[in-house]
Amino acid sequence: MSFLDSLAAGLSLVGNIESFLALFMGVAIGVIGGAIPGMSATMAVALTLPFTFAMQPITGILLLLGVYKGGIFGGSIPAILIKTPGTPASSATILDGYPMAEKGEAGRALGMALWASCTADVISNLSLILFAGWLASFALSFGPPEFFTLILFSLTIIAGVSGESLLRGALSALLGLLLATIGLDLVYGTNRFTFGDPNMMGGLNFIAVLIGLFAIPEILAMVWHPTAHVGTARSLGKNWVSFADYRRSFKSIVRGSFIGVFLGSIPGIGAAPSAFLSYSEARRTSKNKENFGKGEVEGVAASEAGNNGVAGATLIPLLALGVPGDVITAIIIGAFMIHGLQPGPMMFILNVDIIYGLFIGLIVSSVFLFLIGTVAIRGFKYVADIPKRILIPAVLVLCIYGVFAVNNNIFDVGVMFVMGWVGFMMVRYHIPAAPFLIAFILGPLLEDNFRQSMLMSGSDPSILVRGPITWFFWAMTLLTIIAIVRAGVRAVKGTPALSPKVKD
Amino acid sequence: MTFRTLGAVCALSLGLAGAALAEYPERPINMVIPYGAGGATDISARTIAEPLGAAVGKPLVMANVTGAGGATGSVAVQNAKEDGYTMLFARVGSHSVNPAMKATLPYTLDDFRFVTVYEINPVACAVSPSSGITSMEDLIAKVDEGGVTYSSSGVGSLLHLAAVMVLSEFGVEEPLTKTTHIPQKGGGAAATAVLNGTATFLCTNSSAIASFVANKQLVPLMVTTAEPVAGFDVPTAADLGKPALHQLVGWTGIAGPDGLPDDVADKWGAWMAAATEDPEFLEKMTARGSVIELMSPEDANAFIEGQYNTFRKLVDDLGMRIEG
Amino acid sequence: MTQRQVQLRLGFGALLAAIFLAVYAIPAWVSSPSNVGNVILSPLFWPYALSGFTGLAGLGLVFSGLRLEDTGTPVNTPSENPNAAWLRLAGMAVIMGLTMIALPRLGMVLTSMLIFGATAFLVRTRHPVTAVFCAVIIPLVLYAFFAHVAGVAIPQGNILRLP
């Protein structure tokens, strides 16, 4: 069957009102679900799953994909407006999105988030359609040693998000790594820092830590100084992103999208590290480097491009290999199986109409995301106008509901509170939160893949340089570290005592 | 307040309690799923929730409480009120492998009362096509050469124990030292590890690898049931003369806290009988490779006890138990 | 607090934490089976490595702090009335503590109403009537959404049991 025949077959499958309606509904559900902290894209997809059982396979899957795509964008709305990431993937968006909202530019930040998301979505979908086969075989060459080197390289992002002091960034990261060791040991199943509490055995819930670290310190800061915001311009976000903004950030968006496609096609990494990597790359190469972290629109664009770039690409291992890349695609694979479809190489031969139908649906979903996102932003941005001392208690209550809903566990609410105090102390001592978060995500992966490699080789460390992929990442890591050290040396040598800024 | 009014109040509340029990369930029932969304337990639980909810007559509220290989959710039910309004979807991993392998587990089998086991999942072993292994004999021969590894979804999971049990049944004397266990995080990652050559083989629920087998990405070696499994064109444990492996199957059941009243357990028995008759449920579950086999509360307890003892003996013989 | 003080305090804090981890916390709270074949594979390896890195970061912070001259400029904008601010923070800690006790008993809806009210008055809201109104409405709306749309088993109380 030629490409055109496949395309026609796909079109005949999705060319009906029902499919497009499902896709549209899906995106709408996703944006709303993603915008509610604790609901997250994962839960929105899980909740929609039972409704797809009764539908045609393609309609049901399009509905779920719509929820997924909408959810990843939706998470940026609360990240920008109330400093609470709706999904873990949008935590990088906080770094510049929330300062923009504080400056009264909520509308501009949300607009840029949407434009960047849609652009990244298109790039990601096109990559899926064009390179699925090639990237899939690439993904399978990632064993534990390759993962270990990739994650080691990703940890160098910490330098990019440390802000004014690299040492304090490192301290923050170490705290994240330490807290991530709580739970059961991977290789022996023994307890680490669990104090015999069964709730601790599962480790600290990621979303509870995330919300605790970002949203609760904001509440405590308000309690500490209730009138600090009075007089600052946090009024109506009437402003909107301009085309000039978009053009200026375009390079970062495209770079972020490809970072997303690359990390998305490798199972097991997920959208949050991709957003941070894209952000730190944008910061490294930007002319407005100084402004990053203080409300730079390019920072919002880079993070959102990074996380939405993952959304299409995670379907590469799913469709081509039948391997889910993250929790959400694991749920979507369930929907395939319920309908008797078995994702994998054979699907490209047996169900080519469904594959092409999905491709067409995905392309259309970017358009829907743009339309629904525009409407959603208009609705949500008035949150920025609620009196702050009403908004803050509301955010607290919302966080409690949301964090409970993630795992139906009151213990997680306690984790959120405790992390809130940790986060507040970190703010007082000017320790950046982003390195903590990156380390908390990547730390367990680093340790697990290292030990898995050692198990594979019988503790022979030479497995860590076993092939070109590992060499590549070792070289990248080395280059980045050299660049960081050189920048540090230059900072120490040049302009001393100009400001109380720390030199390290 | 006099004693008489106090007595009256007590009598009244007792009467109310009695009435409430007689009318069980009078409000929605919380069903705890100790594993994450999209997993085998979750899909099974949510599939039965529909016909079961109709039989119960009150809504069933499904709650995923994940962590520590099912222990977090199990403990939530262990500590819940024994009124039948908090029930657990128990699974082979959380309620027979974990108790057999982990001395550190915060619960034992005695902390739960099983009202049913309704689903059996055959276990299949598989390797990657590039390994050149096509039968169990090949695999055992490879083990003797050394360097064979197996993946699992974590320490103390069914996959971990299954691989060891299969090796030991096929005459490998010291499976713990002759082969290496490479634990992964989750069943999906375990299958991927075999796909990309990180591990040599894995033994897991047939439904988890059915699509890989259909796509010829994995080569199945055997299934542990007595009957052949659709889609797996391989010898059964019975064909290979290893009937002891029939014990090695996955299952899903429903349990409450230990002190669950008898009438509640009886009601569950009746509801499950009605729910498992549902043709749509049967069709969906069979399509996923499950065998629907409803057990009464007594049968379920005996089945789990039997499986636990088999596993416990193997674990003790090999010194696999996780202490501390 | 000046920049110098921040660096020094963090540095000494990190050093103390590293020593505490290495001497007490890891041996006491991380268990390792006796049959570990290789030290690299031990569950203790990674925590010890981390405590070592923490110590190094602490040393670095102390040295960079010592190199700084004391400018006397505080890094945080001071609160208008530090005593009242500390009291309010303590109040928030009490609210959070009580929340953890009340959640399983009163249920999530009633507890949230109380938290909302208490927090709003703790930060001295200018809209007390709106605050009370929202304190009642918002938890109910969230309950309706999470319990009936999202199907989450929101904890019910002993006093109030919502449909």
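The values are calculated or read from the model by the stated rules, or taken from the named source; none is laboratory data. Note that this is a predicted model, so its numbers are computed, not measured. Every residue, glycine among them, receives a Cβ derived from its backbone with ideal geometry; neighbour counts consider all protein chains shown.
A quick yes/no check of all residues on (1) within 9 Å of chain A (Cβ to nearest Cβ); (2) among the β-branched types (Val, Ile, Thr); (3) part of a helix (DSSP H, G or I):
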| residue | (1), (2), (3) |
| --- | --- |
| C:Trp86 | yes, no, yes |
| C:Thr111 | yes, yes, yes |
| C:Thr125 | yes, yes, no |
| C:Asn158 | no, no, no |
Query raised in the report: What single numbered condition from (1) at pLDDT below 90; (2) buried (at least 16 other Cβ atoms within 10 Å of the Cβ) fails to hold for C:Gly58?
Result: (1)
Report summary line: Output for Cβ contacts, cut-off 7 Å, separation at least six or different chains, first residue within 16 Å of B:Asp262 (Cβ to Cβ) in region B:292-305, second of a type in the set (S, T, N, Q), reads B:Pro297/B:Thr116; B:Ala300/B:Thr116
Query - Residue list for region C:21-56, filter: more than 7 Å from chain A (Cβ to nearest Cβ), under 24 Å from the mean Cα position of the chain (by Cα) and within 30 Å of C:Pro74 (Cα to Cα) - result: C:Gly55
Query raised in the report: Which condition breaks for B:Ala141 when tested against (1) touching a Lys or Arg at 6+ places or on another chain (Cβ under 9 Å); (2) aliphatic (A, V, I, L, M); (3) free of Cβ contacts under 8 Å to residues at least 12 places away in the same chain?
Result: (1)
Requested in this report: Return yes or no: is C:Thr71 at pLDDT below 90 and in contact with a strand residue (DSSP E or B) (Cβ under 9 Å, 6 or more places away or on another chain)?
Outcome: yes
Query raised in the report: Taking the condition more than 26 Å from A:Pro317 (Cβ to Cβ), of a type in the set (Gly, Ala, Ser) and under 23 Å from the mean Cα position of the chain (by Cα), does A:Ala173 pass?
Result: yes
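Any residue that is surrounded by fewer than 17 Cβ atoms within 10 Å (Cβ to Cβ), more than 28 Å from A:Val187 (Cβ to Cβ) and in contact with a helix residue (DSSP H, G or I) (Cβ under 7 Å, 6 or more places away or on another chain) - is there at least one of those in region A:478-487?
Yes, that holds for at least one residue.
A quick yes/no check of all residues on (1) part of a helix (DSSP H, G or I); (2) modelled with pLDDT under 85; (3) surrounded by 23 or more Cβ atoms within 10 Å (Cβ to Cβ); (4) more than 14 Å from every other protein chain (Cβ to nearest Cβ):
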{"residue": "A:Gly325", "(1), (2), (3), (4)": "no, yes, yes, no"}
{"residue": "A:Pro343", "(1), (2), (3), (4)": "no, yes, yes, no"}
{"residue": "A:Ile349", "(1), (2), (3), (4)": "yes, yes, no, no"}
{"residue": "A:Tyr356", "(1), (2), (3), (4)": "yes, no, yes, yes"}
{"residue": "A:Leu371", "(1), (2), (3), (4)": "yes, no, no, yes"}
Query raised in the report: Out of (1) farther than 22 Å from B:Gln184 by Cβ; (2) part of a helix (DSSP H, G or I), the odd one out for A:Leu177 is which?
Result: (1)
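Output the helices (runs of 4 or more DSSP H) that fall wholly within region B:107-192 and possess 2 or more residues being crowded, with 16+ Cβ neighbours inside 10 Å, or say none.
Where helices (runs of 4 or more DSSP H) fall fully within region B:107-192 and carry at least 2 residues being crowded, with 16+ Cβ neighbours inside 10 Å, they are B:136-145, B:158-169.
Conditions (1) at pLDDT below 90; (2) more than 21 Å from A:Phe359 (Cβ to Cβ); (3) surrounded by fewer than 24 Cβ atoms within 10 Å (Cβ to Cβ), marked per residue:
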{"position": "A:Ala282", "(1), (2), (3)": "no, yes, no"}
{"position": "A:Lys289", "(1), (2), (3)": "yes, yes, yes"}
{"position": "A:Gly295", "(1), (2), (3)": "yes, yes, yes"}
{"position": "A:Glu298", "(1), (2), (3)": "no, yes, no"}
{"position": "A:Val310", "(1), (2), (3)": "no, no, no"}
Query raised in the report: If you scan region A:194-226, which residues turn out to be within 14 Å of chain B (Cβ to nearest Cβ) and either among the acidic types (Asp, Glu) or assigned to a helix (DSSP H, G or I) (or both)?
Result: A:Asp197, A:Pro198, A:Asn199, A:Met200, A:Met201, A:Phe206, A:Ile207, A:Ala208, A:Val209
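Table: residues versus (1) assigned to a helix (DSSP H, G or I); (2) under 23 Å from A:Met39 (Cβ atoms).
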residue	(1), (2)
A:Gly86	no, yes
A:Ala92	yes, yes
A:Ser117	yes, yes
A:Asp121	yes, yes
A:Asn125	yes, no
Query raised in the report: Among B:Leu248, B:Leu218, B:Leu202, which is the only one that is of a type in the set (A, V, I, L, M, F, W, C), within 11 Å of chain A (Cβ to nearest Cβ), touching a helix residue (DSSP H, G or I) at 6+ places or on another chain (Cβ under 7 Å) and in contact (Cβ under 8 Å) with a residue 12 or more places away in the chain?
Result: B:Leu218
Report task. Please state which one of B:Glu298, B:Glu293 is surrounded by fewer than 16 Cβ atoms within 10 Å (Cβ to Cβ), away from every other protein chain (no Cβ under 14 Å), within 24 Å of B:Gly39 (Cβ to Cβ) and out of contact with any Leu (no Cβ under 6 Å at 6 or more places or on another chain). Result -> B:Glu293
Requested in this report: Being among the polar types (S, T, N, Q) and facing another protein chain (nearest Cβ under 8 Å) is the filter; apply it to region A:167-193 and report the residue that is surrounded by the fewest Cβ atoms within 10 Å (Cβ to Cβ).
Outcome: A:Thr181
Report task. Could you identify the single residue in A:Ile400, A:Ile377, A:Ile363 that is within 28 Å of A:Leu21 (Cα to Cα) and buried (at least 22 other Cβ atoms within 10 Å of the Cβ)? Result -> A:Ile377
Query raised in the report: Take the residues of region B:58-78 that are touching a helix residue (DSSP H, G or I) at 6+ places or on another chain (Cβ under 9 Å) and assigned to a loop (DSSP other than H, G, I, E, B): which is farthest from C:Ala153 (Cα to Cα)?
Result: B:Gly67
Report task. Could you look through region C:112-143, keep only residues that are of a type in the set (S, T, N, Q) and touching a residue at least 24 places away in the same chain (Cβ under 8 Å), and pick out the one that is surrounded by the most Cβ atoms within 10 Å (Cβ to Cβ)? Result -> C:Ser112
Requested in this report: Answer yes or no: is there a residue in region B:246-253 that is at pLDDT 90 or above and touching an Asp or Glu at 6+ places or on another chain (Cβ under 7 Å).
Outcome: yes
Query - Restricting region A:60-82 to residues that are in contact with a Pro (Cβ under 9 Å, 6 or more places away or on another chain) and among the aliphatic types (A, V, I, L, M), the residue that is surrounded by the fewest Cβ atoms within 10 Å (Cβ to Cβ) - result: A:Ile82
Requested in this report: Return a yes/no flag: does region B:273-280 have any residue that is at pLDDT below 90 and assigned by TED's automatic domain parsing to the domain that holds B:Phe89.
Outcome: yes
Query - Contacts under 9 angstrom Cβ, first residue in region A:275-289 being under 15 Å from A:Met476 (Cβ atoms) and in contact (Cβ under 8 Å) with a residue 12 or more places away in the chain, partner of a type in the set (A, V, I, L, M) and surrounded by fewer than 15 Cβ atoms within 10 Å (Cβ to Cβ), 6 or more apart - result: A:Arg284/A:Ala483
Query raised in the report: Quick one: would you say B:Glu50 is surrounded by fewer than 24 Cβ atoms within 10 Å (Cβ to Cβ), charged (D, E, K, R), in a helix (DSSP H, G or I) and in contact (Cβ under 8 Å) with a residue 40 or more places away in the chain?
Result: yes
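Here's a check for you: in region A:394-448, which residue that is of a type in the set (Phe, Trp, Tyr) and farther than 29 Å from C:Gln7 by Cα is farthest from the other protein chains (Cβ to nearest Cβ)?
The extreme case among them is A:Phe411.
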